[in-house]
1. For a protection proxy built on the mean count of beta-carbon atoms within 10 angstrom, sort 502-510, 233-241 highest first, please.
2. Report the calculated FRET efficiency for Asn116 and Tyr83 (r = Cβ-Cβ distance, R0 = 35 Å), to the nearest 0.05.
3. Can you list the GluC sites (Glu not before Pro) in segment 477-559 that are in a DSSP coil and have 14 or fewer other beta carbons within 10 angstrom?
4. Using θ = phi - 60° and the Karplus curve 6.51 cos²θ - 1.76 cosθ + 1.60, what whole-Hz ³J(HN,Hα) does each residue of segment 350-362 get, with Gly and Pro shown as x?
5. Compute the helix-to-body angle for 320-347: its Cα long axis versus the longest principal axis of the chain, expressed 0 to 90° and rounded to tens.
6. Distance in nm between label sites at Gln358 and Asn450, each 7 Å beyond Cα in the beta-carbon direction?
7. For a quick check: sort Cys146, Cys131 by the number of other beta carbons within 10 angstrom, fewest at the front.
8. Taking a quarter of the surface of the Cα convex hull of segment 228-383, what do you get in nm²?
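Any read-out appearing in this document is the output of simple, stated calculations on the displayed coordinates, not a laboratory observation. The shown structure was predicted, so the numbers you read here are calculated from the model rather than taken from an experiment. Positions of Cβ are generated from backbone atoms using ideal geometry, with glycine treated the same way; all protein chains shown enter the neighbour counts.
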Amino acid sequence: MTITADDIDRMSVEEIHQLIAALTARQNDLELQNADLRSLLECHERLFEKSPIGCVSLDNNGIVQRINQAATSLLGYSSQAVYNSPLKAFIVDDLQNVFDGYLESLLNNQSAQPVNLILKNQDGDPISVECLGSSGLTPDSQEQICLVFNNISPFKESEKKLNETISLLEENIRRKTAHLTESNLALKRSVDELNHSRHQLLEREAKLNSILNASIEGIIVIDTSGIIVSVNAAVENIFGYSAEELIGYSVNLLMPITMRKKQDYYLEKYLRIFVPKVIGQIREVEGLRKDGSLVPLDMTIAEFPLDGMQYYSGIVRDVSARKLQEQQEKEHLEKLAHVTRLGLMGEMASGIAHEVNQPLSAVVNYTQVCLRFIQNENLDLEKISETLKKANQQALKAGQIIHSMREFVKPRKIHRSTVDINELIYDAISIFEADFKQHLITMRFELTKNLPCVIIDRVQIEQVILNLIRNSIDALKELPQFTQRQLSIETSLNPLYYIVVRVKDNGPGLSPIQREKILTPFFTTKASGMGMGLSISRSLVEAHHGTLHFNSKEDKGTTFYFTLPTEKALNGRNPT
Ligand code: ADP
């Protein structure tokens, strides 16, 4: 409210006093307000000066009017040096236009966002700041611009470092990614190669399977506990079982009952201890077909590890046809042997006659003695019966000789039995006693005692011995009269557990040509010879798994020797 001089004239004194009181109170208020304002201003001044943020006020031309400590220390100049200078001069050249534009926008009261600037300090170093400004009027109505500077250099530095770190990281990631991509490619290549190998393996396996299945040999794979793991098509043909009926079952299924009992108990031990010894060797065994019949087999065993497990593969070949042929050959050999035995008997006729004659003469003698006893007046029955007993024994002996001759020549089946070879030799040679006497041959026996027995066909081996002795006698007969004729027969056991029989004479021996041909059929130097004796003897010995050889030199005599395996040797040769 404005009070004019007229208003005062119209006022009463009291009213004027009241007015004066009111005005005084008002003045007091104003003075109080003034004091407040001053202290506010001072406070503002102090805040301006002490603020940690740089503050600058400019006139509307951008000339510095005021600058606080934080701003001067940012620039590195004293406040006097900056005062009244254009602030633009402290901004890097490139950003001076930006700064001008910013001041203009402030003066036009356009709402201005903070702007990033770079100040040049006294040392010429750039200082990044964020600048936020506002414009207004001074108390004397002059346009002024206030700017605050926030030092963002440390932040920029961190940002730079961060960016560097990010770049490094990005580089690292790029490198890692490149490496990973490369590894990935390599992996992909490996996977491709593996797939290729797998494909090839499958192809090879298919080929192998088709080869295995085309094989005429049965292939049975078992694990260490004797369980069948795989079989090929030939196994099905040989044994009559399908693969499904065999896989997962014990290999005992394919073994004869006798073997099976043994294997059941010992299978694990058998595979562990025995099988390694026969790996790669061909063994003759018998298999059991599904229909219960037996099948002769040639078997080889191989051992192989797979995925940390041990397996055995048995390769079996059905040898029924070969066995049949072997049997037929044996029978044929026996037929031939029989024929030659008849010939041998013919050759030994004089010896046989002598052998039989001896007991018959004795019988004649004993019976004559008996007759004389009977004609005597004093009948001595005791003597008669004693003499008759002797006659009886001699008659039996003659019968035995004839019986064994008949046995020797009659057609027969091959029969093997346990034989003491020394005994066989004594029995066989007795027939030649007359020949030895007649041709003045000294016979020597060097038979090793307690030899193990052999399992042989007695007649066949007897035939071999008789043939060798017969040949030696024939050879010795050729020696000039009164030359000492010696024949010896030896038996021994060799380190391989074969019995060795040697027939040695000091006859004329053999020429090199004879040595070459002597064992071939039909070679003979005798007028009535067949030339079959030695070749048949050799076949008979070989049929017993033995061998027949000779040593001979002209004028130095001849030694024939043959071997026969004992049971121990047979077990070593074809173990089960
Ligand atoms: P063979 O007795 O019918 O001639 P072998 O096959 O038994 O038939 O004998 C063949 C040949 O070997 C005899 O004819 C003989 O010439 C020779 N030979 C066999 N043994 C002897 C020997 N101990 N000393 C000299 N020659 C022998």
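1. 502-510, 233-241
2. 0.90
3. When the GluC sites (Glu not before Pro) of segment 477-559 are filtered for loop state and at most 14 Cβ neighbours within 10 Å, Glu478, Glu554 remain.
4. Residue by residue, segment 350-362 yields 5, x, 5, 4, 4, 4, 7, 4, 3, x, 5, 4, 4 Hz.
5. So the helix axis and the longest Cα principal axis differ by about 20 degrees.
6. 3.1
7. Taking fewest neighbouring Cβ atoms as first place, the list is Cys146, Cys131.
8. 18.9
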